[in-house]
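One structure is given below, encoded as C-alpha cells.
The values are calculated or read from the model by the stated rules, or taken from the named source; none is laboratory data. Bear in mind that the values here come from a model prediction, so they are computed numbers and not experimental data. Cβ: placed from backbone, ideal geometry, glycine included. Neighbour counts: every protein chain shown.
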Amino acid sequence: MSGRADTIAAVATAPGAGGVGVLRVSGDRAGEIARAVLGRAPRARHAHYAAFRAADGGVIDRGILLWFPAPHSYTGEDVLELQAHGSPVVLRMLLARLVELGARHARAGEFSERAFLHGRIDLAQAEAVADLIASGSEAAARAAQRSLEGEFSTRVHALAERVVRLRVWIEAAIDFPEEEIDFLKAPELAAEVDATRGDLHALLGETRRGVRLADGLHVVIVGRPNVGKSSLLNALAASERAIVTDVAGTTRDVLRETIDLDGIALTLVDTAGLRDAADVVEREGIRRARGELERADLAVLVSDDGDAARDLDLLRTIPSRAVRVVVHNKIDLAGTRAHREERDGIVHLWLSARSREGLDGLVAELRRHAGAGESDAGAFTARARHVAALERARAHFDAAVAALAERNAGELAAEDLRRAHDALGEITGEVSADDLLGEIFSSFCIGK
Ligand code: GDP
Ligand code: ZN
C-alpha cells in the first residue's frame with residue numbers, strides 16, 4: 001500500500017457558501033498538522049474550539065478542531081477535521097495552509113478508498129457511501145444506509161460461504177475416489193445445491209431492485225417542438241418534491257433540461273433532434289438524444305393535437321422500447337377534461353401543463369413506474385457492477401451443477417464453484433483489480 005505515508009486534505013462540504021465548512025486531513029502527518037494549527041497537541045476525539053492560524057501567526061478563522069488517531073477514524077489512519085465558517089474563501093485559505101503543512105490535495109473518493117484499503121469498510125459499503133450522498137429520494141437514502149451498514153455485504157458473504165461449503169464437499173469427494181460417486185449423488189448435496197441456487201436467485205433479484213433504487217427512474221420526455229415539453233417539465237419542477245438542476249447546453253443541444261422529481265430523473269428530448277442531420281453539431285445532438293432514449297427506463301411522449309398517432313409513428317422509428325405513457329397536453333385549449341385511458345399497454349393522460357390540471361395524474365404515473373408505494377422494507381442499494389458479478393456467479397454455479405448432474409465431473413464442478421466464489425468476492429472487494437478500484441473511487445466527490 002503505497003499511499004500510507006502521504007497525507008491528504010480536502011474540503012468535505014459541498015462547494016458554495018454555508019454556515020459551516022468542514023476540512024478533512026488523513027495520513028501520517030495529520031498529527032503534526034493538528035499541532036501546528038492548534039498550537040499544542042490535540043486530545044483524541046475532543047472538540048477543541050480554536051483559532052486556526054496561518055504561518056505568520058495570524059488567525060485565518062476560528063472553529064472546531066477534532067482529532068481522530070488511527071485506527072479509530074473513518075479512513076483507519078490519523079484523521080484531523082476542521083470545522084470552519086463555510087466561506088469558500090476561508091476554506092480555500094485553510095486548505096492552502098494544510099498543504100503548506102505537508103498535506104496534498106485529495107483525489108475524488110480518496111478518503112473512502114483509504115477506508116476500504118484499511119479494512120474499515122468493504123467495497124460495497126464504500127459504494128454505498130457515494131450512493132447515500134447521491135440519493136434522490138428518502139427510499140434511496142434509507143436503502144443506501146442499509147448497504148452502508150453492511151446488510152448487502154452480509155448477504156453476499158452468506159452466499160459465498162454456501163458456495164465454499166459445496167466446494168469443500170466436492171473436493172473431499174475427489175480426495176476419496178472410491179466413494180466419489182456416492183458422495184456426489186448424496187441427497188444432502190442436492191438439497192444444498194438447490195438452497196444455494198435459491199439464495200443466488202433471490203439476491204440477484206433484490207440487487208436489481210437495489211440498482212433501480214440507487215439510480216432512480218430515468219425518464220425521457222419526447223415530442224415534437226412546441227407540444228409543451230419544457231412547460232411540462234417546468235410544471236413538474238414547481239412541485240416541492242423536485243430538485244431543479246441547471247444543465248448547461250447550447251441552443252442545439254437536445255438535452256438542455258433535466259429535473260429530479262423525488263428520485264426520478266426527467267430529461268427532455270426533442271424528436272426534431274432525432275431526425276437525420278448532415279451537420280456535425282446536429283449529429284452530435286442526435287447521438288446524445290438516441291443515447292438518452294436507449295438508457296431510459298421510461299419515455300413519455302408529449303403530443304398536443306388530441307390524436308397522438310402521428311407522434312407514435314415517429315417514435316417507432318426511434319430505438320426505444322420504453323414508451324409507456326403518452327401525454328395529451330393543452331386540454332385547456334381543446335376543452336377536454338383531465339383523464340386517463342389505457343390502450344395496447346400504453347397509458348394515455350390528458351392534461352394541461354399551463355393550468356396544471358391533470359398534472360398529479362402524471363406524477364402518480366411516474367411514481368408508479370419508479371416503484372414508489374412498493375415497500376422498501378429491507379431493500380438495499382446496489383450497482384450495475386454488482387448485478388454483473390452476481391450474474392457471472394450464477395453462470396459458474398449453473399455450470400458446476402451441470403458438471404455434477406450430467407457427468408459426475410467433480411473436478412470441473414469444484415473449479416466452477418471457485419469461479420463463482422471469486423465473482424462474489426469482487427462485490428465486496430476481496431477479489432479486485434486496481435483499475436476497478438480506480439474506476440469506482442474516481443466517481444466519488446472530493447473530500448469523501
Ligand atoms: P416544447 O418545445 O415542446 O418544449 O414546448 P414549450 O413548452 O416551449 O411550449 C410551446 C408553447 O406551448 C408555449 O407557447 C407554451 O406556453 C404553450 N403551452 C405549453 N403547454 C400548454 C398548455 O397546457 N396549454 C396551453 N394553452 N399552452 C401551452
Ligand atoms: Zn422546450
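Output the number of residues of the stretch 97-134 satisfying the condition of being surrounded by fewer than 17 Cβ atoms within 10 Å (Cβ to Cβ), in contact with a strand residue (DSSP E or B) (Cβ under 9 Å, 6 or more places away or on another chain) and more than 12 Å from residue 444 (Cβ to Cβ). Lay out the reasoning, then the answer.
So the first thing to find is which residues in the stretch 97-134 are surrounded by fewer than 17 Cβ atoms within 10 Å (Cβ to Cβ), and the list is 99-100, 104-105, 107, 119, 133.
From what's left, in contact with a strand residue (DSSP E or B) (Cβ under 9 Å, 6 or more places away or on another chain): 99, 104-105, 107.
Restricting the remaining residues to those that are more than 12 Å from residue 444 (Cβ to Cβ) gives 99, 104-105.
Summing the residues that are surrounded by fewer than 17 Cβ atoms within 10 Å (Cβ to Cβ), in contact with a strand residue (DSSP E or B) (Cβ under 9 Å, 6 or more places away or on another chain) and more than 12 Å from residue 444 (Cβ to Cβ) in the stretch 97-134 gives 3.
Each row is one residue, and each column tells you yes or no for (1) assigned by TED's automatic domain parsing to the domain that holds residue 10; (2) closer than 25 Å to residue 126 by Cα; (3) within 36 Å of the chain's Cα centre (by Cα).
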| site | (1), (2), (3) |
| --- | --- |
| 24 | yes, yes, yes |
| 42 | yes, no, no |
| 47 | yes, no, yes |
| 50 | yes, no, no |
| 61 | yes, no, yes |
| 69 | yes, yes, yes |
| 77 | yes, yes, yes |
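One residue is enough: does the stretch 111-123 have a residue meeting the conditions without any contact (Cβ under 8 Å) to a residue 40 or more places away in the chain and in a helix (DSSP H, G or I)? It would help to see each step written out before you state the result.
First pass over the stretch 111-123, keeping only residues without any contact (Cβ under 8 Å) to a residue 40 or more places away in the chain: 121.
So of that shortlist, the ones also in a helix (DSSP H, G or I) come out as none.
Scanning the stretch 111-123 turns up no residue that is without any contact (Cβ under 8 Å) to a residue 40 or more places away in the chain and in a helix (DSSP H, G or I).
With respect to the numbered conditions (1) closer than 22 Å to residue 121 by Cβ; (2) exposed (fewer than 15 other Cβ atoms within 10 Å of the Cβ); (3) aliphatic (A, V, I, L, M), which one is the sole condition not fulfilled by residue 20?
Failed condition: (1).
Looking at (1) touching a residue at least 60 places away in the same chain (Cβ under 8 Å); (2) of a type in the set (A, V, I, L, M, F, W, C); (3) within 13 Å of ligand 2 (Cβ to nearest atom), which one does residue 233 not meet, given that it meets all the others?
(1)
Quick check on this structure: which one of 368, 394 is within 30 Å of residue 346 (Cα to Cα) and part of a helix (DSSP H, G or I)? Before you say what the answer is, go through the steps one by one.
Values: 394 fails: within 30 Å of residue 346 (Cα to Cα).
Every option except 368 fails the conditions.
Of all residues in the stretch 197-215, which are modelled with pLDDT of 90 or more and under 13 Å from residue 389 (Cβ atoms)?
Across the stretch 197-215, the qualifying residues are 200, 203, 204, 207.
Which condition number in (1) within 19 Å of residue 78 (Cα to Cα); (2) β-branched (Val, Ile, Thr); (3) surrounded by fewer than 18 Cβ atoms within 10 Å (Cβ to Cβ) is the one that residue 154 fails?
Answer for residue 154: the failing condition is (1).
Within the stretch 81-97, does at least one residue satisfy the condition of being within 22 Å of residue 31 (Cβ to Cβ) and either in a loop (DSSP other than H, G, I, E, B) or at pLDDT below 95 (or both)?
No, the stretch 81-97 has no match at all.
Give the residues of the stretch 2-44 that are touching a helix residue (DSSP H, G or I) at 6+ places or on another chain (Cβ under 9 Å) and in a loop (DSSP other than H, G, I, E, B), sorted by residue number.
7, 12, 13, 15, 16, 17, 27, 28, 41, 42
If you take the residues in the stretch 194-214 that are within 24 Å of residue 127 (Cβ to Cβ) and without any contact (Cβ under 8 Å) to a residue 12 or more places away in the chain, which one is nearest to ligand 1 (Cβ to nearest atom)?
Residues of the stretch 194-214 within 24 Å of residue 127 (Cβ to Cβ): 199-214.
After this cut, where a residue has to be without any contact (Cβ under 8 Å) to a residue 12 or more places away in the chain as well, the list is 202, 205.
Details: 202: 44, 205: 38 Å.
Looking at residues that are within 24 Å of residue 127 (Cβ to Cβ) and without any contact (Cβ under 8 Å) to a residue 12 or more places away in the chain, I get 205.
Looking at 391, 411, 342, 406 in this structure, which one is away from ligand 2 (no atom under 16 Å from the Cβ) and either outside the structural domain of residue 185 (by TED's automatic domain parsing) or buried (at least 17 other Cβ atoms within 10 Å of the Cβ) (or both)? First the steps, then the outcome.
Details: 391 fails: either outside the structural domain of residue 185 (by TED's automatic domain parsing) or buried (at least 17 other Cβ atoms within 10 Å of the Cβ) (or both); 411 fails: either outside the structural domain of residue 185 (by TED's automatic domain parsing) or buried (at least 17 other Cβ atoms within 10 Å of the Cβ) (or both); 406 fails: either outside the structural domain of residue 185 (by TED's automatic domain parsing) or buried (at least 17 other Cβ atoms within 10 Å of the Cβ) (or both).
Result: 342 is the single residue among 391, 411, 342, 406 that is away from ligand 2 (no atom under 16 Å from the Cβ) and either outside the structural domain of residue 185 (by TED's automatic domain parsing) or buried (at least 17 other Cβ atoms within 10 Å of the Cβ) (or both).
Please determine, by comparing only the residues of the stretch 1-17 that are of a type in the set (Ser, Thr, Tyr) and surrounded by 12 or more Cβ atoms within 10 Å (Cβ to Cβ), which one is modelled with the lowest pLDDT. Give the derivation first.
Going residue by residue through the stretch 1-17, those that are of a type in the set (Ser, Thr, Tyr) are 2, 7, 13.
Next, only the ones that are surrounded by 12 or more Cβ atoms within 10 Å (Cβ to Cβ) stay: 7, 13.
Working: 7: 97, 13: 92.
Once the filter is applied, the top-ranked residue is 13.
Name the residue that is nearest to residue 361 (Cα to Cα), counting only residues in the stretch 226-259 that are within 13 Å of ligand 1 (Cβ to nearest atom) and at pLDDT below 80. Working first, answer last.
Of the residues in the stretch 226-259, the ones within 13 Å of ligand 1 (Cβ to nearest atom) are 226-237, 251, 254-257.
Within this subset, residues satisfying the condition of being at pLDDT below 80 are 251, 254-257.
Details: 251: 31, 254: 26, 255: 25, 256: 25, 257: 22 Å.
Among them, the one singled out is 257.
Within the stretch 394-403, how many residues turn out to be surrounded by 17 or more Cβ atoms within 10 Å (Cβ to Cβ) and farther than 29 Å from residue 440 by Cα?
Of the residues in the stretch 394-403, the ones surrounded by 17 or more Cβ atoms within 10 Å (Cβ to Cβ) are 394, 396-397, 399-401, 403.
Filter once more, keeping what is farther than 29 Å from residue 440 by Cα: 399-401, 403.
Residues that pass the stated criteria total 4.
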